[in-house]
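Colleague: Below you'll find the structure I mean.
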């Protein structure tokens with residue numbers, strides 16, 4: 001198998017994943033991909049879009065919603081099965097785990113002055129909750145046919161290789 005890797009993958013992330021793929025004996029080339037980050041040249045209908053963690057996914061479905069939606073639509077229009085591989089780790093092994101995830105930003109505080117006295121207030125009072133993120137991701141699955149897979153950073157290369165071996169019929 002030869003994997004095409006998008007040239008826009010962050011350098012430090014790519015170096016880490018490259019080391020893993022080299023250890024697995026996987027061949028790869030680097031060039032710009034139309035959608036996603038990793039594609040098997042023998043099966044261009046399955047593409048992986050890698051996310052470093054749930055916070056990046058939150059950014060995609062909230063602040064970068066329009067750009068992310070356009071990418072999902074491009075994949076869907078071309079019959080591409082887009083797999084979003086999230087390297088969150090920390091107990092997130094499947095999509096349902098996101099529902100129960102406790103976003104650490106919900107507990108971050110900062111000092112402020114209230115009624116002339118210093119006090120701690122929430123730094124991100126409107127941070128996305130796991131339940132809300134889960135619902136957004138399920139909607140994306142249903143509307144665009146994308147799927148979500150989760151792994152630890154030390155198994156990303158293996159997961160990429162395993163997921164790109166999937167045939168167009170999903171097996």
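The values are calculated or read from the model by the stated rules, or taken from the named source; none is laboratory data. A quick note: this is a predicted structure, and the numbers were derived from the prediction, not measured. Cβ sites come from the backbone with ideal geometry, for glycine too, and all protein chains shown count toward neighbours.
Colleague: Given the conditions (1) at pLDDT 90 or above; (2) part of a loop (DSSP other than H, G, I, E, B), which single one is not true for residue 9?
Modeller: Among (1) at pLDDT 90 or above; (2) part of a loop (DSSP other than H, G, I, E, B), the lone unmet condition for residue 9 is (1).
Colleague: Can you tell me how many residues in region 40-75 are touching a residue at least 24 places away in the same chain (Cβ under 8 Å) and not in a helix (DSSP H, G or I)?
Modeller: Adding up the residues that qualify gives 15.
Colleague: Please enumerate the residues belonging to region 135-156 that are assigned to a strand (DSSP E or B) and either more than 13 Å from the chain's Cα centre (by Cα) or farther than 20 Å from residue 80 by Cβ (or both).
Modeller: Residue satisfying the conditions is 150 alone.
Colleague: Filter region 139-149 for residues that are out of contact with any helix residue (DSSP H, G or I) (no Cβ under 7 Å at 6 or more places or on another chain) and within 14 Å of residue 57 (Cβ to Cβ) and give the result.
Modeller: Those that are out of contact with any helix residue (DSSP H, G or I) (no Cβ under 7 Å at 6 or more places or on another chain) and within 14 Å of residue 57 (Cβ to Cβ): 139, 141.
For every residue, the table says whether it meets (1) farther than 24 Å from residue 32 by Cα; (2) touching a strand residue (DSSP E or B) at 6+ places or on another chain (Cβ under 6 Å).
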| site | (1), (2) |
| --- | --- |
| 53 | no, no |
| 69 | no, no |
| 92 | yes, yes |
| 96 | yes, no |
| 111 | yes, yes |
| 128 | yes, no |
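Colleague: Residue 121 versus (1) modelled with pLDDT under 95; (2) within 26 Å of residue 14 (Cβ to Cβ): which is the lone unmet condition?
Modeller: Unmet condition: (2).
Colleague: If you take the residues in region 20-49 that are within 20 Å of the chain's Cα centre (by Cα) and under 13 Å from residue 158 (Cα atoms), which one is surrounded by the fewest Cβ atoms within 10 Å (Cβ to Cβ)?
Modeller: Result: 20.
Colleague: Collect the residues in region 3-19 that are within 14 Å of residue 158 (Cα to Cα) and surrounded by fewer than 12 Cβ atoms within 10 Å (Cβ to Cβ), keeping them in residue-number order.
Modeller: 19
Colleague: Looking only at region 78-104, count how many residues are loosely packed, with under 15 Cβ neighbours inside 10 Å, modelled with pLDDT of 95 or more and assigned to a helix (DSSP H, G or I).
Modeller: Adding up the residues that qualify gives 1.
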